[in-house]
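All remarks here apply to the structure that follows.
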Amino acid sequence: AGNRHNVGFMVVDELASRWGAGRSAFRAKFGSELLQVDHRGQRVQLQKPQEYMNVSGGPVQRAMAFFRIPPSHVIVIHDEIDLPFLRLRVKVGGGHGGHNGLRSISQAIGADYLRLRVGVGRPQGAPAGTVAARERVTGHVLGDFGRSELADLPAGLSQAAMAIETILEKGATAAMNEFNRDVGQVK
């Protein structure tokens, strides 16, 4: 629960808390934990797929079909090793960048959804493209946050939640202008 690969769920939990709900308010449905909340007059479905990360597309697609949500109204919050720790990037569409959860979602619903990329940093070490480097990356994303990272994590989760709120209230472009810059980022 405390590993870097779960930072997206941590942001969803932060949103639920900010919007007056808690972890216990989520209900099991479509292979996910779902919570419907109202945020400033908008109905928002918070979703944490509970099947393997590599098959997240199925639960996302089933919820979208049930609630009749178009891909353009989906925001996926995910860990990103190519960004420094807690650096944020809002992105519309694009590839999966080797992230198997994104690959699955894109295969299920197409690639035209919003993403909030939350930096978890890249581990130092083995030369890129080697088996050792892939193993180091896997160990890094599946590992828990370090002690110093944990001290900064609450502020970073709050910043990520603000990015989602900005997307909902002002749109993706405004969120990109505000959060896709290095100034004011946590670390």
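Within region 24-33, can you find the residues that are of a type in the set (A, V, I, L, M, F, W, C), open to solvent by 20 Å² or more (accessible area, probe 1.4 Å) and touching a helix residue (DSSP H, G or I) at 6+ places or on another chain (Cβ under 9 Å)? Within region 24-33, Ala25, Phe30 qualify.
Could you please find all residues in region 83-92 being open to solvent by 60 Å² or more (accessible area, probe 1.4 Å) and part of a strand (DSSP E or B)?
Lys91, Val92
Filtered by the rule that a residue be without any contact (Cβ under 8 Å) to a residue 40 or more places away in the chain and more than 15 Å from the chain's Cα centre (by Cα), region 1-18 gives a lone residue, Ser17.
Evaluation of Ala21 against the conditions (1) among the small types (Gly, Ala, Ser); (2) more than 22 Å from Val137 (Cβ to Cβ); (3) open to solvent by 40 Å² or more (accessible area, probe 1.4 Å); (4) touching a residue at least 12 places away in the same chain (Cβ under 8 Å) shows that the sole unmet condition is (3). Kindly check whether there is at least one residue in region 34-46 that is open to solvent by 40 Å² or more (accessible area, probe 1.4 Å), assigned to a strand (DSSP E or B) and either under 28 Å from Arg122 (Cβ atoms) or touching a Gly at 6+ places or on another chain (Cβ under 8 Å) (or both). Within region 34-46, none of the residues are open to solvent by 40 Å² or more (accessible area, probe 1.4 Å), assigned to a strand (DSSP E or B) and either under 28 Å from Arg122 (Cβ atoms) or touching a Gly at 6+ places or on another chain (Cβ under 8 Å) (or both).
Every residue in region 61-82 that is more than 20 Å from Ile164 (Cβ to Cβ), free of Cβ contacts under 8 Å to residues at least 12 places away in the same chain and either aromatic (Phe, Trp, Tyr) or in a loop (DSSP other than H, G, I, E, B) (or both), please. Arg68, the sole residue that qualifies.
The values are calculated or read from the model by the stated rules, or taken from the named source; none is laboratory data. Predicted model, so just to flag it, every value in this text is computed and none were measured. Neighbour counts are summed over all protein chains in view; Cβ atoms, including those assigned to glycine, are modelled from backbone coordinates with ideal geometry. Note: accessible area is taken over every heavy atom of the protein model, side chains too, but ligands, DNA and RNA are not part of it. Shrake-Rupley method; radii C 1.70, N 1.55, O 1.52, S 1.80 Å.
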